[in-house]
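Structure record follows, encoded as structure tokens.
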Amino acid sequence: MKTSFRIKYYATYLCIVWLIFIFHAPQIYALPSNKILKTSFHKTDIKESIEIQTAKPPQFEVFKLDTPNRIVFTIENSYFPKIHQVENIFGQKANRFRISQNTKTQTRLVIDLIEDTKYQTKISELPNGNYLLRINIPKDVMPLVKKSSTIHPILVAQLEPSRPFKTVSPEYLKENELIQPIKMPPSLAPTTDLQNPPVEVKQQKNQTIVMMDDSEMESSIFDEDDEFENNEELNFSGSIQLRASIDTEQDKSNENKTSLKNRTIAKFNYKNKLVVSGISDYMFFGNQNETDDYTIDFYETYIRYNSSSFDISIGKQIKRWGKTDQISPVDTLNPENITEFIIPDYNERKMPVWMVDVVYKKKDFFIEGIVIPFFEPSKFNYFGTDWSIFSHLKDDIEDSSLTSVQKAYFDSISVNEKDPSSNIDNMEYALRIGGTIEQMDFGFTYHYAFEDLPNFQSFPVKNLSIDNPNSIQDLISNLGSLTLTNEKIETTYLRTNIFGFEFESTLNIFGIRGEAAYKNNESFLTRSFTSIRNPTLFWVIGADYTSSNNWYFNLQFAHQHIWDYDSSILFFDKNNYSVIGEINKDIFSDWLNASLQYTVMLNDNSYYLSPRLIYTYFKNTEVILGLNFFEGSENSILGRYNQNDQVFIDLAYRF
């Protein structure tokens, strides 16, 4: 693109950021005191549960909406630091829940139901001092009493009660008991006097609103919820992200000192049955060897049907398999955009692909089948950026002492990339079988796939043996023994079979999760800049913990084993061990969070560290100021980027 276009891009999005700030500047309120710490979904033989962990006892209101059926919770005097979260779940009663910051002092949770159903809510105090709001949706395992027109106000409330008859099994009582009931003042303690209940279930249109105390309801609440209901019919949402970075120092003459990324997604959602979204993605690397890329395309676009037994979706989708964070051996369905390596968050890197996804559910068991008709590789660069496979090799050669003929030869090297043809023989197929046993979710997976990264079948410079594709010095020093041909770099994408296992559970106050994946063939780049293929086993196990003063710790250990290992493989040993995780803590106020994300390769002592400050005071807006540090030997997978340390700012607005 021309320089004038880049200037327009800078100017346009600086204006957008300025307008967002001006729009939100007047919206400054007292900070909510209750933080939403974690959300999760669980299933047992008798119920489905959505759990919301909070720092303080939650104060909430609830109502139901239909067309489509859903349960809406508003948690007062609270905030959700992630801004917005959507979880698709394999329930018989519920198929999705969404949580977001509805107003400056209110968080809204929406549970999308497959059919109208009853539910219960319970509040528990956890051993670490936090609180758990659990929304139970009982399965149809026993008769339910009819809904009364009135309800007694109990802090540990049973809303839309699904009480069994007096003959209750011990298993049912065990499943529904509180971890530790909240101690309530006498004024809020439950009574058995149902003759004069002080609060009625107030109904307006299709809403059932239950007040949690004797306070009066604001008249405007119906208007607000009517607006919410109407928006649910055809919902428009999206995000605008602007990220700028600058290197901490000029390490090389040929490197990108600065970068700018703009990513805008607009999404239409009709009753969660039809989703159409588009993406505008602009990436610019500047200062030296300027290059940019602009893509506009459909993003997630699909139709969906769901019932108590089936979920079917057809279209362009991102489908998340696996349980671990930042790295996932089982999550192989969608390719990734790695034009900035691992700098963007894991979810941001994922690219949607066209697929047919069918899920059958029965009690605590599910089976999922997926067909991917068209191959889509990961997005990356071969040459010309700090994160390319061969980095700035051509520019380094141009600035070297080689002859003009030799320089012209290397500058003319191009890539002939052969993608699989779009026919029935080249479709991808995936199968996932799993369920819930007590408190453990598990799944077995199989993916008959194409590798998302290329297999290098031929390189035009023969007799190479170089430890790092970025090393111009090694290339020049061995030039006399090399053979230069007039070929292209030949790459293709090859088949592999991936067998996986995933699980997630809890152990006291710890969340435990893990994954393992076996590939019968995986491509590795060698010192000759061609690829060889080997069977691999890659497994990850991890845990997370939130302390009473809201320190969050996430620690994962990973091991990759390569069978029939060849010493010519670049960056990887026969056994590769790593530690991946995150530590974060709210500081100064609940709207400023300090986070450290880390990846440490134990076998070669290379590492990636990203300390960040995350500011979420303005509604639907997130500002991240951070650093990205790479360290290690230049022949290691992370250390090869040790000259790419950068400071960045990330602005995101979700609407």
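Kindly check whether there is at least one residue in region 614-630 that is touching a Gly at 6+ places or on another chain (Cβ under 9 Å), under 26 Å from residue 592 (Cβ atoms) and at pLDDT below 95.
Checked region 614-630: at least one residue is touching a Gly at 6+ places or on another chain (Cβ under 9 Å), under 26 Å from residue 592 (Cβ atoms) and at pLDDT below 95.
Right, residue 117: β-branched (Val, Ile, Thr), touching a residue at least 12 places away in the same chain (Cβ under 8 Å) and at positive phi or not?
Criteria not met by residue 117.
Condition test on residue 464, is it aliphatic (A, V, I, L, M), under 23 Å from residue 338 (Cα atoms) and not in a strand (DSSP E or B)? Give the derivation first.
Details: aliphatic (A, V, I, L, M): yes; under 23 Å from residue 338 (Cα atoms): no; not in a strand (DSSP E or B): yes.
No; evaluated as a whole, the condition is false for this residue.
Taking region 621-634, which residues are surrounded by 18 or more Cβ atoms within 10 Å (Cβ to Cβ) and outside any strand (DSSP E or B)?
Listed by number, the list holds a single entry, 632.
Among the residues of region 334-354, what is the count of those that are part of a loop (DSSP other than H, G, I, E, B) and surrounded by fewer than 17 Cβ atoms within 10 Å (Cβ to Cβ)?
First pass over region 334-354, keeping only residues part of a loop (DSSP other than H, G, I, E, B): 334-335, 338-345, 351-352.
Remaining after also requiring surrounded by fewer than 17 Cβ atoms within 10 Å (Cβ to Cβ): 345.
Total satisfying the criteria: 1.
Search region 322-333 for residues being within 21 Å of residue 599 (Cα to Cα) and among the hydrophobic types (A, V, I, L, M, F, W, C), and hand back the single one that is surrounded by the most Cβ atoms within 10 Å (Cβ to Cβ).
Residues of region 322-333 within 21 Å of residue 599 (Cα to Cα): 322-332.
When the remaining residues are screened for being among the hydrophobic types (A, V, I, L, M, F, W, C), the result is 327, 330.
Values: 327: 18, 330: 27.
Looking at the filtered set, the residue picked out is 330.
Going residue by residue through region 520-527, is there one that turns out to be under 16 Å from residue 576 (Cβ atoms), acidic (Asp, Glu) and touching a strand residue (DSSP E or B) at 6+ places or on another chain (Cβ under 6 Å)?
yes
Name the residues in region 438-456 that are loosely packed, with under 15 Cβ neighbours inside 10 Å and in contact with a Ser or Thr (Cβ under 9 Å, 6 or more places away or on another chain), would you?
Correct list: 438, 439, 440, 448.
Has region 93-103 got any residue that is of a type in the set (Ser, Thr, Tyr), in a strand (DSSP E or B), in contact (Cβ under 8 Å) with a residue 24 or more places away in the chain and surrounded by 22 or more Cβ atoms within 10 Å (Cβ to Cβ)?
No: region 93-103 contains no residue that is of a type in the set (Ser, Thr, Tyr), in a strand (DSSP E or B), in contact (Cβ under 8 Å) with a residue 24 or more places away in the chain and surrounded by 22 or more Cβ atoms within 10 Å (Cβ to Cβ).
Considering only region 280-296, state which residues are in a strand (DSSP E or B), of a type outside the set (S, T, N, Q) and either in contact with a Leu (Cβ under 8 Å, 6 or more places away or on another chain) or surrounded by 13 or more Cβ atoms within 10 Å (Cβ to Cβ) (or both).
Once the filter is applied, which keeps residues that are in a strand (DSSP E or B), of a type outside the set (S, T, N, Q) and either in contact with a Leu (Cβ under 8 Å, 6 or more places away or on another chain) or surrounded by 13 or more Cβ atoms within 10 Å (Cβ to Cβ) (or both), region 280-296 yields 281, 282, 283, 284, 285, 286, 292, 293, 294.
Residues in region 297-332 that are of a type in the set (A, V, I, L, M) and in a strand (DSSP E or B): how many?
Here is the first cut: in region 297-332, the residues of a type in the set (A, V, I, L, M) are 303, 312, 314, 318, 327, 330.
Those left that are additionally in a strand (DSSP E or B): 303, 312, 314.
Looking only at that region, the number is 3.
Restricting attention to region 566-586, and to residues there that are surrounded by fewer than 18 Cβ atoms within 10 Å (Cβ to Cβ) and either assigned to a strand (DSSP E or B) or of a type in the set (Val, Ile, Thr) (or both), which single residue is modelled with the lowest pLDDT? Talk me through it step by step, then tell me what you get.
Of region 566-586, the ones surrounded by fewer than 18 Cβ atoms within 10 Å (Cβ to Cβ) are 566-569, 573-575, 577, 579, 583, 585.
From what is left, the residues that are either assigned to a strand (DSSP E or B) or of a type in the set (Val, Ile, Thr) (or both) are 569, 575, 577, 579, 583, 585.
Working: 569: 96, 575: 97, 577: 98, 579: 97, 583: 94, 585: 88.
That would be 585.
Please determine, by comparing only the residues of region 534-565 that are assigned to a loop (DSSP other than H, G, I, E, B) and modelled with pLDDT of 95 or more, which one is surrounded by the fewest Cβ atoms within 10 Å (Cβ to Cβ). Quick ask: steps written out before the conclusion?
Just the residues of region 534-565 that are assigned to a loop (DSSP other than H, G, I, E, B), to begin with: 547-551, 563-565.
Filter once more, so that each one left must be modelled with pLDDT of 95 or more: 563-565.
Values: 563: 12, 564: 9, 565: 16.
Of everything passing the filter in region 534-565, 564 is surrounded by the fewest Cβ atoms within 10 Å (Cβ to Cβ).
Of the numbered conditions (1) at positive phi; (2) out of contact with any strand residue (DSSP E or B) (no Cβ under 6 Å at 6 or more places or on another chain), residue 565 satisfies every one except a single condition; which is it?
If we test residue 565 against (1) at positive phi; (2) out of contact with any strand residue (DSSP E or B) (no Cβ under 6 Å at 6 or more places or on another chain), just (1) comes out false.
Determine, yes or no, whether residue 515 is over 30 Å from residue 408 (Cβ atoms), in contact with a strand residue (DSSP E or B) (Cβ under 9 Å, 6 or more places away or on another chain) and either among the aromatic types (Phe, Trp, Tyr) or outside any loop (DSSP other than H, G, I, E, B) (or both).
In short, yes.
Tell me yes or no: at least one residue of region 587-601 is part of a loop (DSSP other than H, G, I, E, B), modelled with pLDDT under 95 and in contact with a Phe, Trp or Tyr (Cβ under 7 Å, 6 or more places away or on another chain).
So in region 587-601, the residues part of a loop (DSSP other than H, G, I, E, B) come out as 588.
In the following step, the residues that additionally are modelled with pLDDT under 95 were identified as 588.
Then keep just the ones that are in contact with a Phe, Trp or Tyr (Cβ under 7 Å, 6 or more places away or on another chain); that gives none.
No, region 587-601 contains no residue that is part of a loop (DSSP other than H, G, I, E, B), modelled with pLDDT under 95 and in contact with a Phe, Trp or Tyr (Cβ under 7 Å, 6 or more places away or on another chain).
Do we have any residue at all in region 498-508 that's of a type in the set (A, V, I, L, M), over 36 Å from the mean Cα position of the chain (by Cα), assigned to a strand (DSSP E or B) and surrounded by fewer than 20 Cβ atoms within 10 Å (Cβ to Cβ)? Give the steps one after another, and end with the answer.
Here is the first cut: in region 498-508, the residues of a type in the set (A, V, I, L, M) are 498, 507.
Among the residues that remain, those that are also over 36 Å from the mean Cα position of the chain (by Cα) are: none.
No, because not a single residue in region 498-508 is of a type in the set (A, V, I, L, M), over 36 Å from the mean Cα position of the chain (by Cα), assigned to a strand (DSSP E or B) and surrounded by fewer than 20 Cβ atoms within 10 Å (Cβ to Cβ).
Pairs under 9 Å by beta carbon, first residue farther than 16 Å from residue 323 by Cα in region 505-523, partner of a type in the set (Asp, Glu) and at pLDDT 95 or above, six or more apart or different chains?
519/451; 521/451; 522/451; 523/451
Per-residue answers, yes or no, for (1) part of a strand (DSSP E or B); (2) farther than 30 Å from residue 284 by Cβ; (3) in contact with a Ser or Thr (Cβ under 9 Å, 6 or more places away or on another chain):
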| residue | (1), (2), (3) |
| --- | --- |
| 356 | yes, yes, yes |
| 384 | no, no, yes |
| 387 | no, no, yes |
| 394 | no, no, no |
| 401 | no, yes, no |
| 406 | no, yes, yes |
| 413 | no, no, no |
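Read through the list (1) modelled with pLDDT under 95; (2) among the aliphatic types (A, V, I, L, M); (3) part of a strand (DSSP E or B), then give the number of the only condition that residue 430 fails.
(1)
Those residues that are part of a loop (DSSP other than H, G, I, E, B) and surrounded by fewer than 15 Cβ atoms within 10 Å (Cβ to Cβ), I need them from region 468-481; list them, please. If you could, list the steps in order and put the result at the bottom.
Pass one, region 468-481, residues part of a loop (DSSP other than H, G, I, E, B): 468-471, 478.
478, the sole residue that qualifies.
So residue 425 ticks every box in (1) more than 30 Å from residue 376 (Cβ to Cβ); (2) assigned to a helix (DSSP H, G or I) but one. Which box is left unticked?
(1)
Among what's in region 231-262 and is more than 18 Å from residue 630 (Cα to Cα) and surrounded by fewer than 15 Cβ atoms within 10 Å (Cβ to Cβ), pick the residue that is modelled with the highest pLDDT.
236
Could you look through region 303-317, keep only residues that are out of contact with any Leu (no Cβ under 8 Å at 6 or more places or on another chain), modelled with pLDDT of 95 or more and of a type outside the set (Lys, Arg), and pick out the one that is surrounded by the most Cβ atoms within 10 Å (Cβ to Cβ)? Show your work before the answer.
So in region 303-317, the residues out of contact with any Leu (no Cβ under 8 Å at 6 or more places or on another chain) come out as 305-317.
From what is left, the residues that are modelled with pLDDT of 95 or more are 312-317.
From what's left, of a type outside the set (Lys, Arg): 312-315, 317.
Numbers: 312: 15, 313: 21, 314: 15, 315: 19, 317: 23.
Looking at residues that are out of contact with any Leu (no Cβ under 8 Å at 6 or more places or on another chain), modelled with pLDDT of 95 or more and of a type outside the set (Lys, Arg), I get 317.
The values are calculated or read from the model by the stated rules, or taken from the named source; none is laboratory data. All values reported here derive from a predicted model rather than from experimental measurement. For neighbour counting, all protein chains shown are included, and Cβ atoms are generated from backbone atoms with ideal geometry for every residue, glycine included.
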